[in-house]
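The structure appears right after this line, and notes come after that.
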2 protein chains.
Amino acid sequence: MKLTVKLLDIANRGVLLHSTDARSMRIRDGDRVLVADEATGKTAQAHVDTTGSLIAPGVIGVYRPLNATLAVDEGTPVEVRGAERPASLSHIKKKMDDGRFTKDETLDIVKDIVSDTLSPGEITAYVTASYINGLDMDEVEYLTRAMVETGERLHFIRHPVVDKHSIGGVPGNKITLLIAPIIAASGLLIPKTSSRAITGAGGTADLMEVLAPVSFSATEVQQMTEKVGGTIVWGGATNIAPADDKIITYEYPLRIDAPGQMIASVMAKKFAVGADLAVIDIPVGRNTKIATPQEGRKLARSFIELGERLGIRVECALSYGESLVGHTIGPNLEVHEALAVLEGATEPNSLIQKSLSLAGIAFEMAGKAAYGQGYQMATDILRSGKALEKMRQIIEVQGGDPTVKADDVVPGEYRFDVKAPQDGYVIDLNNSALVTLARLAGSPYDHGAGIFVHAKKGTRVRKGDPIFTIYAEQEWRLERAIEVGRVLMPVVVEGMIVERIPPERWV
Amino acid sequence: MKLTVKLLDIANRGVLLHSTDARSMRIRDGDRVLVADEATGKTAQAHVDTTGSLIAPGVIGVYRPLNATLAVDEGTPVEVRGAERPASLSHIKKKMDDGRFTKDETLDIVKDIVSDTLSPGEITAYVTASYINGLDMDEVEYLTRAMVETGERLHFIRHPVVDKHSIGGVPGNKITLLIAPIIAASGLLIPKTSSRAITGAGGTADLMEVLAPVSFSATEVQQMTEKVGGTIVWGGATNIAPADDKIITYEYPLRIDAPGQMIASVMAKKFAVGADLAVIDIPVGRNTKIATPQEGRKLARSFIELGERLGIRVECALSYGESLVGHTIGPNLEVHEALAVLEGATEPNSLIQKSLSLAGIAFEMAGKAAYGQGYQMATDILRSGKALEKMRQIIEVQGGDPTVKADDVVPGEYRFDVKAPQDGYVIDLNNSALVTLARLAGSPYDHGAGIFVHAKKGTRVRKGDPIFTIYAEQEWRLERAIEVGRVLMPVVVEGMIVERIPPERWV
């Protein structure tokens, strides 16, 4: 059916049809249509909403995201018809019946995810079936390659190209802000793409954004990396392995974190940026994603095997994940802490040691340092001030102010100290409760919001000592965080005798 | 955040927020919000679309289906905030991890499906996880009861109330148009709710609509049944077990037909209409839903067990499903065929025998006929004209014309005969290809479109004899069906010697 375009500013990949037109095409709400602009030859699929009055019969309302593909003007005639059922749905059904995806089937599915041909419900079915019935290593490899093929790639002339990744689950993990400049300062290339927070209080991209813009095209990432040796950008803006972001969107509401999918997502980004070697940080501990070292080792072996299949050398490090890294949660607080270390601070030990260890592994893998010498090399680069200098170059090439100092990056003006209710030891500090408070206080959107932890687990405190401070940019958000904090009680302070068991009384 | 309502005529359960408002609430496209009208106390959840220009900041665009719940006027102030993650998502995740649903969890999920609190993606995850990991009989019972509880129910004073159901998979299955009046004519009650075609060329509701309106409330169905003994209505209009229609919507694109879900859907409708006894027709054969009698018996046992748990006596009949029932596919053709039998036609045998057998089983279960005598009783009612008279009463009570005759119901004026290309036997007649042709010709929307099969499987034909005729109301639809029919070739005519295997030649 020939319809005339009316552009509608709605951020949703759909079209609006008059119900009369929909009926005559036998199309119901939620069905998929194919829209073709015969003048340009462009076609795109979208789901249908119907209306009885917002547009006239003969008109098709084209929402914004669809027009990113179609690029039609108001008044353009387009051909609209019911879309055929994509073959990828049969592949998904096969996985529901515990079948295995072939390489071609995987590519069909990933293409249809990237082009929005599959609906949210259908992508969820894919994610759910893959989670329940699992993906074997062949299928993980196909998925990785398909995610790479359906996006842009970087091609460096200089080698080796280094990458690192933390699989997450531990708060305050601002180590990339140290590792990237240390590695780049050694002469190695590190085009680091990072994520924004989904459930956390700040992803690395949210942190870096305090210092410089983070949204760049793949080409810009390559050029900047060639110029200064490293970048710290938001992966979501690059069109590198774009299927990944969409898959994560549909995993999130169901809290699905399927190992096969996760390994493929991580390695697709490494492969697409042209990494020769990658260091994977796997935080282990209760309340992280990986509860035991056994699980961590199993995951590590999968990363290494997939790396071998893709021609990327991978080493994994199991790290201590039960306590936050450093003392801070939230963009400005974390950036301040990391910059201070680059400027010469010798604390916090957890942050410095973790960053130097991972950078050191990369140096040894790249042949920059002999086995066992990488940590020292990383320490030397940090202490010499070269890492700070490199970080300033990275900030500058991304369009930020290279003269920024740690003390320029300050937390929000509203603050509240949570104090020890008695003398004793901090015997519990609940990471996920701290993250919840940081988010309630406004993090990561309000850069100044967050948490500073004064007394980590195991610390001796006296009654009235501050255990942690909540910061916010808006007073009402601080109040809400305080209110919820009273209920969540993320800290437990007890004497060393936690419970006294009296002798049984005589009857 | 307080926003002012603007009603938007879009048939989709969403709201439109200005992107500034969305950002300040930290709400992204596709997130769920809770909308509360403090004046009436009504609340509802919906997903968010955003716009930069269609509405002003401070305004919320409320789409039509949401307002069916909220019932607010243009300009009403409402409170809008990010909705909390529904508990049902955790239950769904549990099934993904191969857990079992409890009764309460099942009710949470079904309530959230009915209220549109779960998104299409989330309902798909539920359907997918239930399909892959299965539901045991306890879970099927919980689901059945939850589907009944979240909808309306009928309560008859007179008993027994009879119901019947065909699980589908065989085309031309217009038997309800005979069974319902035969049973009602005996004095038993049969409040029959039927479905429309999803993949087929006409559900019973589509057929009945040729003769009378089929959309009624539950109360109307009860009143009409009390008055004339039977009804044949569209279940989708009644709010009886409304979760079922939504679940089917999300199963359809993935061609999921999970046994547990299906049994629960069928029995929820029987339970909700207050049925005391039910006859379930299970067509068996290649290309139906149930390939072998073994599978059919297994399914039958599940129906019977669930019936026992619900206090409904169930008998199942495995029926021959490899050939269509009668000669016709498509609303007018099928209605003509059924009315002609009510008026006294002694053909087609497959339709008459199947209908009388199933009605006879119901008579024996209800104690109207001795064991082995039900078929004869059904035959007597049909032959006496009482079934025709009852059908006229049913048509009249539903608002149709009771004087209608078989010959008033005619197929579309455009027709095309598909003829035997040679002398031989019809050795194959592909049911699903016939259904595809009927749909291409316009069925079930165009009531006159469909297929008349002259020579069913096994029939001897001579070159040039018509094998089947395609009917359409619109010429272009007929042409499209013919074109596709040339490719699909739903009929194979061969001599009795299908392939000749010559002796091996000497070398």
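Checked against the criterion of being at pLDDT 95 or above, outside the structural domain of A:Arg286 (by TED's automatic domain parsing) and out of contact with any helix residue (DSSP H, G or I) (no Cβ under 7 Å at 6 or more places or on another chain), the candidates A:Asp116, A:Asp104, A:Asp108 yield just one match: A:Asp104. Annotation: of all residues in region A:1-14 being surrounded by 19 or more Cβ atoms within 10 Å (Cβ to Cβ) and farther than 18 Å from A:Pro77 by Cα, the one that is farthest from the other protein chains (Cβ to nearest Cβ) is A:Arg13. Residues in region B:30-41 include at least one that is touching a residue at least 40 places away in the same chain (Cβ under 8 Å), hydrophobic (A, V, I, L, M, F, W, C) and either open to solvent by 30 Å² or more (accessible area, probe 1.4 Å) or within 11 Å of another protein chain (Cβ to nearest Cβ) (or both).
So that you can scan it fast, the table gives a plain yes or no per residue for (1) closer than 28 Å to B:Leu211 by Cβ; (2) under 22 Å from the mean Cα position of the chain (by Cα); (3) not polar (S, T, N, Q):
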site: B:Asp428; (1), (2), (3): no, no, yes
site: B:Leu434; (1), (2), (3): yes, yes, yes
site: B:Arg439; (1), (2), (3): yes, yes, yes
site: B:Asp446; (1), (2), (3): yes, yes, yes
site: B:Thr459; (1), (2), (3): no, no, no
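Can you find a residue that is away from chain B (no Cβ under 14 Å) and under 18 Å from the mean Cα position of the chain (by Cα) anywhere in region A:333-344? Yes, region A:333-344 has at least one match.
Looking only at region A:162-176, decide whether some residue is part of a loop (DSSP other than H, G, I, E, B) and over 17 Å from the mean Cα position of the chain (by Cα). Checked against the condition, which is being part of a loop (DSSP other than H, G, I, E, B) and over 17 Å from the mean Cα position of the chain (by Cα), region A:162-176 yields no hits at all.
Return the residues of region A:369-393 that are open to solvent by 30 Å² or more (accessible area, probe 1.4 Å) and over 15 Å from A:Ile179 (Cα atoms); say none if nothing qualifies. Of everything in region A:369-393, those that are open to solvent by 30 Å² or more (accessible area, probe 1.4 Å) and over 15 Å from A:Ile179 (Cα atoms) turn out to be A:Ala370, A:Tyr371, A:Gly372, A:Gln373. Could you check region B:404-492 for strands (runs of 3 or more DSSP E) lying wholly inside it with 2 or more residues that are touching a helix residue (DSSP H, G or I) at 6+ places or on another chain (Cβ under 8 Å) and under 24 Å from B:Ala345 (Cα atoms)? Of the strands (runs of 3 or more DSSP E) lying wholly inside region B:404-492, those with at least 2 residues that are touching a helix residue (DSSP H, G or I) at 6+ places or on another chain (Cβ under 8 Å) and under 24 Å from B:Ala345 (Cα atoms) span B:450-453, B:466-472.
Does A:Ala362 meet the test of being over 29 Å from A:Ala433 (Cβ atoms) and either among the aliphatic types (A, V, I, L, M) or open to solvent by less than 20 Å² (accessible area, probe 1.4 Å) (or both)?
Yes, satisfied.
Within region B:22-42, the set of residues being modelled with pLDDT of 90 or more and either assigned to a strand (DSSP E or B) or within 27 Å of A:Ala441 (Cβ to Cβ) (or both) comprises B:Ala22, B:Val33, B:Leu34, B:Val35, B:Ala36, B:Asp37, B:Lys42.
Of all positions in region B:50-58, at least one carries a residue that is farther than 24 Å from B:Glu251 by Cα, touching a residue at least 24 places away in the same chain (Cβ under 8 Å) and more than 13 Å from chain A (Cβ to nearest Cβ). Among residues of region B:431-454 that are over 18 Å from B:Glu413 (Cβ atoms), those with a beta-carbon under 8 Å from a residue that is modelled with pLDDT of 90 or more and among the polar types (S, T, N, Q) at least six positions away or on a different chain give the pairs B:Val453/B:Thr328; B:His454/B:Thr469.
For region B:146-187, filtered to residues that are of a type in the set (S, T, N, Q) and within 13 Å of B:Lys354 (Cα to Cα), the residue that is modelled with the highest pLDDT is B:Thr176.
Inside region B:15-29, residues that are within 8 Å of chain A (Cβ to nearest Cβ) and either within 32 Å of the chain's Cα centre (by Cα) or closer than 20 Å to B:Gly121 by Cα (or both) make up a count of 2. Residues considered: A:Ile55, A:Ile60, A:Ile27, A:Ile10. Of these, the only one that is outside the structural domain of A:Leu118 (by TED's automatic domain parsing) and touching a Phe, Trp or Tyr at 6+ places or on another chain (Cβ under 6 Å) is A:Ile10.
For region A:234-337, list the helices (runs of 4 or more DSSP H) that sit wholly inside it and hold at least 1 residues that are buried (at least 22 other Cβ atoms within 10 Å of the Cβ) and either of a type in the set (Val, Ile, Thr) or in contact with a Gly (Cβ under 6 Å, 6 or more places away or on another chain) (or both); which are they?
Result: A:242-251, A:259-272.
In the set (1) among the hydroxyl-bearing types (Ser, Thr, Tyr); (2) surrounded by fewer than 21 Cβ atoms within 10 Å (Cβ to Cβ); (3) within 14 Å of chain A (Cβ to nearest Cβ), B:Tyr63 fails one condition alone, (2). Starting from residues that are acidic (Asp, Glu), more than 14 Å from chain B (Cβ to nearest Cβ) and not in a helix (DSSP H, G or I), keep the ones in region A:115-160 and report whichever is surrounded by the most Cβ atoms within 10 Å (Cβ to Cβ). Step by step, filter region A:115-160, then rank; the result is A:Glu152.
On inspection, B:Asp49 does not qualify as open to solvent by 10 Å² or more (accessible area, probe 1.4 Å) and charged (D, E, K, R).
A single entry from B:Phe216, B:Phe303 fulfils the requirement of being more than 14 Å from the chain's Cα centre (by Cα), within 25 Å of B:Ile395 (Cα to Cα) and aromatic (Phe, Trp, Tyr): B:Phe216. Within region A:84-108, the set of residues being closer than 16 Å to A:Glu139 by Cβ, within 14 Å of chain B (Cβ to nearest Cβ) and in a loop (DSSP other than H, G, I, E, B) comprises A:Asp97, A:Asp98, A:Gly99.
Residues of region B:190-200 include none that is assigned to a helix (DSSP H, G or I), assigned by TED's automatic domain parsing to the domain that holds B:Ile394 and open to solvent by 10 Å² or more (accessible area, probe 1.4 Å).
The values are calculated or read from the model by the stated rules, or taken from the named source; none is laboratory data. Worth saying up front: this structure is predicted, and the values here are computed from it rather than measured. Here the Cβ is made from the backbone with ideal geometry for all residues, glycine too, and neighbour counts use every protein chain on show. Each accessible area value is taken on the protein alone, full model and side chains, heavy atoms only, with ligands, DNA and RNA left out. Shrake-Rupley method; radii C 1.70, N 1.55, O 1.52, S 1.80 Å.
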